[in-house]
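Scroll down for the structure; my scribbles are underneath it.
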Amino acid sequence: MKILKFGGSSAATPERIKSIIEIARPYLKDEVAFVFSAFGGVTDQLIQLSQLALEGKLEYKQKLEQLEKRHLDAVRDLTKISTQSGILAQVKVQINELEDVLHGIFLVKERTPRTLDYIMSFGERLSAFIICEAFKDRGLATEYLDARQVIRTDNQFGYAKVDFEVTNKMIRDHFKNHGDVQIITGFIATSESGETTTLGRSGSDYTAAIFAGALQASALEIWTDVDGMMTADPRLVKKAFTVPQMSYEEAMELSHFGAKVIFPATMKPAMAHLIPICIKNTFNPKAVGTLISSNSTNGKLIKGISSMNNISLLNVQGSGLLGVVGVSMRLFSTLAREKVNVILISQASSEHSICIAIETDSTAKAKSAIEKEFMHEIQDELIDEIKVVQGLSIVAVVGDGMKHHPGTSGRMFSALGKNGVNVVAIAQGSSERNISTVVQQTDISKALNALHDAYFLSDKKSVNVFLVGTGLIGNTLLKQIKDQFQQLSDQNKLEVKLIGVANSKKMIFDENGLSLDSCIPQMKNQGDSMNLNDFTKKMIQHNLPSSVFVDCTSSADVAGQYEEILSANISIVTPNKKANSGVYENYKKLKSIAQARGVRFLYETNVGAGLPVINTLNDLLLSGDKVIRIEGVMSGTLNFIFSSFSKGKNFSDVVAEARAKGYTEPDPRDDLNGTDVARKILILSREAGIPLELSDVSIENLVPENCRGEMSADAFLSKLKETDSHFEKLLAKAEEKNEKLRYQAVFENGKASVKLGTVNGSHPFYSLSGSDNIILLTTERYHDRPMVIRGPGAGAEVTAAGVFADIIRIGNYSN
């Protein structure tokens, strides 16, 4: 004997019911019985009808007519015209009976739990009857069975308890006397006094399990609208996948903590008789599904991550709890009397506090009951005022494989911590099958995705990027990510997903990921108007794990958003020097926030484009080394200019050439004034621990006096020709001494300066060419021979590559 149960989503339309009949055909050659829920959404509609009647709203009549039409249309679609009249008549009889009950509620303005159970029973009674007639219409020998005839319960309306001794006997007796395939109503039963009861929402699963247990079925199949039990809620975790096998205990834990695929009570009869349960998809019958049985053999550490929303925490604490026997008994007895379900319990080893998680709807009732029970202790200040925290969710990691496996909880809290998810409370049972944490409900999606990646995709890593700035560097970065995407995925197991992108005019977001090929045209054509505060707000609202904000601008306004972004547990990667070379206190504050929040603030490209200058300096300092002197040619632009400037060339022509090659800023004066180099040496000085301000840096401005002020870049280059002789003299003096001109930055003895100087052939700067940068680090360990870092220091390719490297570094850290 096999029992098959089909849910409301599977029987939502006549077309779906026809599919069910085709799924059922192969089973009919063996012993089988079918359990059906109400048509999809009908139970909610019945509750709504009763609520409208209770409120005295005649609208219930109109909605009842719609419900009647749906069922009558189903009869007409599923059966031949020659047989419809009798079926339609019986459906109308039930609808008339329902109408009478609703009219009574409308008149007396009262709806008891008993009445509500009776009203909800019409959904299953109508659906199972119509489906049974559809089977018969196709020549299949079936018989309608109202489960109220054989399932006996107590009078706890809404969630009745089954009397299994009586029920099992009645089911067996019924099946002995009825040879046709039974089409059974789910969800409903009858009390000892003969009144209609229900087994709880989603109780049709339970009904199927009750029949399976009573008949010692070989299997119980639950047909629903998903391929089986998933590793997480696929609506929140896009990478969730089907778990092929799990134990009864694992399935029960997952269903208790929010997995809606199977009703928790379903496991009880199945476990008692070791009946395997198979979860199958009506919409994809060929899918293997999930097998739930007495053992779990696929060797996974955990099987799933589930969650419950709308949770409140009540904290009972105070000195009066210390060593006092019976406090817990009084607390939980009080809640039990009020029928408040306690979902999670956490108690400190000091016995100073007991924390309980309940559904938010029960918060006021629970708080009032506890305050009444402990009134005297609260008055005597032995117990503090009962504290309530709302807007919470429970996340549960479940799996038999966690038992005696070190590091499971560590992986969990590491994943949450790295993604800025604060854990409010923790509970773990002695079975080591479930670790439950309470988090803010606003963090639930991030928490589930972070944990799913940590446990199920631990060999894969992901990072969600929000990019501002689509100029030369930003565009080049997107191209590099696209070109390396597959290799990163294959070799480094890292997926870089672009979630948001913006320029100075437009912005666009897509949580599923924007195309690296078309995101910029899409942004320009379909994006919203760019507003920096709105961009930051939307990025924070997405609340995705491993989020990285990439600032490829040179804007002080964008840098001004860093504090809010880091505080929201979003890492930052930027070549923008404005934040780190601004006010020193702000620089320290940003680093402090990043450290406190456990996120990364990476700005390697602030100094040497793609050169590992800052990382190298920090590694030296962390190892205990001390900086004595930092000197360098830190502008690829200025090095190109002075390396190319030679006898016979005009200085103005060399500057124009650098601009044409894309080495300079749009206005070359932004390079020649030395401020950019000053910002770089300032940042290195701060990294070395010296609290300098930009005003403390001595700067030689190479822009001639007559070229300053308001003018276009072209006008500047034209004006610069008038001063070519000045630069020719500087070059001639250097060549007389066999030296070369270099624009140098120096930090030593707590002071920093940038200026144009000369170097001879023995100096490392002498052979520098093109747009290369070079930095010399003289430290206590590298004293006689400074450490030399040299390489390309200008150009979009190397800068974007440095930004890309920082993004990858965060991806490896955050996962």
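The values are calculated or read from the model by the stated rules, or taken from the named source; none is laboratory data. Just so you know, these numbers come straight off a predicted model, no measurement behind them. No Cβ is skipped: glycine too gets one built from the backbone with ideal geometry, and neighbour counts run over all protein chains shown. Protein only, heavy atoms only, side chains kept; ligands, DNA and RNA dropped before computing areas. Shrake-Rupley method; radii C 1.70, N 1.55, O 1.52, S 1.80 Å.
Need a quick list: strands (runs of 3 or more DSSP E) entirely within region 738-799 having at least 2 residues that are of a type in the set (Ser, Thr, Tyr) and open to solvent by less than 20 Å² (accessible area, probe 1.4 Å). Please lay out each step first, then the result.
Working: elements: 740-748, 751-759, 772-779, 787-792.
Where strands (runs of 3 or more DSSP E) fall fully within region 738-799 and carry at least 2 residues being of a type in the set (Ser, Thr, Tyr) and open to solvent by less than 20 Å² (accessible area, probe 1.4 Å), they are 772-779.
May I ask you to list the residues in region 156-168 that are open to solvent by 80 Å² or more (accessible area, probe 1.4 Å) and in contact (Cβ under 8 Å) with a residue 24 or more places away in the chain?
Within region 156-168, the subset open to solvent by 80 Å² or more (accessible area, probe 1.4 Å) is 159, 161, 165.
The answer is Tyr159, and nothing else.
Among the residues of region 107-126, which ones are hydroxyl-bearing (Ser, Thr, Tyr) and out of contact with any Ser or Thr (no Cβ under 7 Å at 6 or more places or on another chain)?
Here is the first cut: in region 107-126, the residues hydroxyl-bearing (Ser, Thr, Tyr) are 112, 115, 118, 121.
Listed by number, the residues that qualify are Thr112, Thr115.
Which pairs turn up if I take residues in region 668-679 that are open to solvent by less than 10 Å² (accessible area, probe 1.4 Å) and look for partners that are among the basic types (Lys, Arg) with beta carbon separation below 8 Å, at least 6 apart in sequence or on another chain?
Here the result reads Pro668/Arg659; Gly674/Lys755, each pair linking region 668-679 to a residue that is among the basic types (Lys, Arg).
I'd like to check something: does region 504-515 contain any residue that is on the phi > 0 side of the Ramachandran plot and within 14 Å of the chain's Cα centre (by Cα)? Steps first, answer last, please.
Residues of region 504-515 that are on the phi > 0 side of the Ramachandran plot, as a first pass: 513.
From the residues that got through so far, the ones that are within 14 Å of the chain's Cα centre (by Cα) too are 513.
The answer is yes, given that some residue of region 504-515 is on the phi > 0 side of the Ramachandran plot and within 14 Å of the chain's Cα centre (by Cα).
Of all residues in region 496-518, which are touching a residue at least 60 places away in the same chain (Cβ under 8 Å) and either surrounded by 19 or more Cβ atoms within 10 Å (Cβ to Cβ) or in a strand (DSSP E or B) (or both)?
Scanning region 496-518 gives a single hit, Val496.
Which of the residues that make up region 41-99 are over 18 Å from Gly123 (Cα atoms) and of a type in the set (A, V, I, L, M, F, W, C)?
Passing the criteria: Leu54, Leu58, Ile81.
Taking Glu700 as meeting all but one of (1) open to solvent by less than 10 Å² (accessible area, probe 1.4 Å); (2) touching a Leu at 6+ places or on another chain (Cβ under 7 Å), write down the number of the exception.
The single condition Glu700 does not satisfy is (1).
Being touching a His at 6+ places or on another chain (Cβ under 8 Å) and either crowded, with 17+ Cβ neighbours inside 10 Å or of a type in the set (Val, Ile, Thr) (or both), is that true of even one residue in region 629-649?
Step one: filter region 629-649 for residues touching a His at 6+ places or on another chain (Cβ under 8 Å), giving none.
Within region 629-649, none of the residues are touching a His at 6+ places or on another chain (Cβ under 8 Å) and either crowded, with 17+ Cβ neighbours inside 10 Å or of a type in the set (Val, Ile, Thr) (or both).
Return yes or no: is Ala74 closer than 30 Å to Ala265 by Cα, modelled with pLDDT of 95 or more and among the small types (Gly, Ala, Ser)?
Details: closer than 30 Å to Ala265 by Cα: no; modelled with pLDDT of 95 or more: yes; among the small types (Gly, Ala, Ser): yes.
When the stated conditions are applied, Ala74 does not pass them.
Provide a single number: the residues in region 62-109 that are farther than 22 Å from Ile130 by Cβ and touching a residue at least 12 places away in the same chain (Cβ under 8 Å).
Number of matching residues: 4.
Out of the residues in region 4-56 that are out of contact with any helix residue (DSSP H, G or I) (no Cβ under 8 Å at 6 or more places or on another chain) and basic (Lys, Arg), state the one that is nearest to Glu97 (Cα to Cα).
Filtering region 4-56 for residues that are out of contact with any helix residue (DSSP H, G or I) (no Cβ under 8 Å at 6 or more places or on another chain) and basic (Lys, Arg), the one nearest to Glu97 (Cα to Cα) comes out as Arg16.
Please specify each residue of region 449-494 satisfying the condition of being hydroxyl-bearing (Ser, Thr, Tyr) and in a loop (DSSP other than H, G, I, E, B).
The initial filter retains those residues of region 449-494 that are hydroxyl-bearing (Ser, Thr, Tyr), namely 455, 458, 462, 470, 476, 489.
Ser458, Thr470 - these are the residues of region 449-494 that are hydroxyl-bearing (Ser, Thr, Tyr) and in a loop (DSSP other than H, G, I, E, B).
For region 531-566, how many residues meet the condition of being under 25 Å from the mean Cα position of the chain (by Cα), open to solvent by 40 Å² or more (accessible area, probe 1.4 Å) and under 24 Å from Gln480 (Cβ atoms)?
1
Are any of the residues in region 673-684 of a type in the set (Val, Ile, Thr), farther than 15 Å from Met634 by Cβ and modelled with pLDDT of 95 or more? Break it down into steps so the answer makes sense when it comes.
Filtering region 673-684 for residues of a type in the set (Val, Ile, Thr) gives 675, 677, 681, 683.
Of the ones still in play, those that are also farther than 15 Å from Met634 by Cβ are none.
Looking through region 673-684, none of the residues is of a type in the set (Val, Ile, Thr), farther than 15 Å from Met634 by Cβ and modelled with pLDDT of 95 or more.
Only strands (runs of 3 or more DSSP E) wholly contained in region 181-226 count here; list those with 3 or more residues that are out of contact with any helix residue (DSSP H, G or I) (no Cβ under 9 Å at 6 or more places or on another chain). I'd like the intermediate steps shown before the answer.
Details: elements: 181-185, 188-191, 196-198, 219-224.
Answer list for region 181-226: none.
Given the residues Gln84, Gln66, which is the only one that is over 25 Å from Phe157 (Cα atoms), open to solvent by less than 90 Å² (accessible area, probe 1.4 Å), of a type outside the set (Lys, Arg) and outside any loop (DSSP other than H, G, I, E, B)?
Values: Gln66 fails: open to solvent by less than 90 Å² (accessible area, probe 1.4 Å).
When all the criteria are applied, what remains is Gln84.
Can you name the residue in region 171-208 that is open to solvent by 10 Å² or more (accessible area, probe 1.4 Å) and of a type in the set (S, T, N, Q) and is also farthest from Phe34 (Cα to Cα) among such residues? If you could, list the steps in order and put the result at the bottom.
As a first pass, look at region 171-208 and keep what is open to solvent by 10 Å² or more (accessible area, probe 1.4 Å): 172-181, 190, 192-196, 201-202, 206.
Now narrow it down to the ones that are of a type in the set (S, T, N, Q): 177, 190, 193, 196, 202.
Working: Asn177: 17, Thr190: 19, Ser193: 27, Thr196: 21, Ser202: 16 Å.
Among residues in region 171-208 that are open to solvent by 10 Å² or more (accessible area, probe 1.4 Å) and of a type in the set (S, T, N, Q), the one farthest from Phe34 (Cα to Cα) is Ser193.
Which residue, of Lys280, Lys286, is farther than 28 Å from Glu511 by Cα, in contact with an Asp or Glu (Cβ under 6 Å, 6 or more places away or on another chain), modelled with pLDDT of 90 or more and open to solvent by 10 Å² or more (accessible area, probe 1.4 Å)? Working first, answer last.
Values: Lys286 fails: in contact with an Asp or Glu (Cβ under 6 Å, 6 or more places away or on another chain).
Every option except Lys280 fails the conditions.
If I filter region 27-43 down to residues being of a type in the set (Ser, Thr, Tyr) and more than 13 Å from Ile131 (Cβ to Cβ), which single residue comes out as surrounded by the fewest Cβ atoms within 10 Å (Cβ to Cβ)?
So the first thing to find is which residues in region 27-43 are of a type in the set (Ser, Thr, Tyr), and the list is 27, 37, 43.
Going one step further and asking which of them are more than 13 Å from Ile131 (Cβ to Cβ), we end up with 27, 43.
Working: Tyr27: 15, Thr43: 23.
Checking each candidate, the answer is Tyr27.
As an exercise: evaluate Pro612 against (1) open to solvent by 10 Å² or more (accessible area, probe 1.4 Å); (2) over 26 Å from the mean Cα position of the chain (by Cα); (3) over 15 Å from Leu684 (Cα atoms); (4) modelled with pLDDT under 95 and give the number of the one condition it does not meet.
(3)
Is one or more of the residues making up region 437-447 more than 14 Å from the chain's Cα centre (by Cα) and either in contact (Cβ under 8 Å) with a residue 12 or more places away in the chain or crowded, with 21+ Cβ neighbours inside 10 Å (or both)? It would help to see each step written out before you state the result.
Filtering region 437-447 down to residues more than 14 Å from the chain's Cα centre (by Cα) leaves 437-438.
Checking which are either in contact (Cβ under 8 Å) with a residue 12 or more places away in the chain or crowded, with 21+ Cβ neighbours inside 10 Å (or both) leaves us with 437-438.
Within region 437-447, one or more residues are more than 14 Å from the chain's Cα centre (by Cα) and either in contact (Cβ under 8 Å) with a residue 12 or more places away in the chain or crowded, with 21+ Cβ neighbours inside 10 Å (or both).
Can you tell which of Arg114, Arg125 is in contact with a helix residue (DSSP H, G or I) (Cβ under 8 Å, 6 or more places away or on another chain), among the basic types (Lys, Arg) and either modelled with pLDDT under 95 or surrounded by 14 or more Cβ atoms within 10 Å (Cβ to Cβ) (or both)? Working first, answer last.
Numbers: Arg114 fails: in contact with a helix residue (DSSP H, G or I) (Cβ under 8 Å, 6 or more places away or on another chain).
After ruling out the rest, the residue left standing is Arg125.
Say whether the condition of being in contact with an Asp or Glu (Cβ under 7 Å, 6 or more places away or on another chain) and either touching a residue at least 12 places away in the same chain (Cβ under 8 Å) or open to solvent by 20 Å² or more (accessible area, probe 1.4 Å) (or both) is met by at least one residue in region 11-26.
Kept after step one, since they are in contact with an Asp or Glu (Cβ under 7 Å, 6 or more places away or on another chain), are these residues of region 11-26: 14.
From what is left, the residues that are either touching a residue at least 12 places away in the same chain (Cβ under 8 Å) or open to solvent by 20 Å² or more (accessible area, probe 1.4 Å) (or both) are 14.
So far as region 11-26 goes, yes, one or more of its residues are in contact with an Asp or Glu (Cβ under 7 Å, 6 or more places away or on another chain) and either touching a residue at least 12 places away in the same chain (Cβ under 8 Å) or open to solvent by 20 Å² or more (accessible area, probe 1.4 Å) (or both).
Can you report the number of residues in region 150-179 which are under 47 Å from the mean Cα position of the chain (by Cα) and of a type outside the set (A, V, I, L, M, F, W, C)? Working first, answer last.
Kept after step one, since they are under 47 Å from the mean Cα position of the chain (by Cα), are these residues of region 150-179: 150-165, 167-168, 171.
Now drop any that are not of a type outside the set (A, V, I, L, M, F, W, C), which leaves 152-156, 158-159, 161, 163, 165, 167-168.
Total satisfying the criteria: 12.
Lys239: more than 30 Å from Asp453 (Cβ to Cβ), of a type in the set (D, E, K, R) and open to solvent by 20 Å² or more (accessible area, probe 1.4 Å), yes or no? Can you show your working first?
Values: more than 30 Å from Asp453 (Cβ to Cβ): no; of a type in the set (D, E, K, R): yes; open to solvent by 20 Å² or more (accessible area, probe 1.4 Å): yes.
It is false that Lys239 is more than 30 Å from Asp453 (Cβ to Cβ), of a type in the set (D, E, K, R) and open to solvent by 20 Å² or more (accessible area, probe 1.4 Å).
For region 46-63, how many residues are of a type in the set (D, E, K, R) and either under 11 Å from Ile119 (Cβ atoms) or assigned to a helix (DSSP H, G or I) (or both)? Don't jump to the end; show me each part of the working.
Within region 46-63, the first condition is being of a type in the set (D, E, K, R), and the residues that meet it are 55, 57, 59, 61, 63.
Subset that is either under 11 Å from Ile119 (Cβ atoms) or assigned to a helix (DSSP H, G or I) (or both): 59, 61, 63.
Adding up the residues that qualify gives 3.
Please enumerate the residues belonging to region 457-485 that are touching a helix residue (DSSP H, G or I) at 6+ places or on another chain (Cβ under 6 Å), hydrophobic (A, V, I, L, M, F, W, C) and surrounded by fewer than 21 Cβ atoms within 10 Å (Cβ to Cβ).
Passing the criteria: only Leu472.
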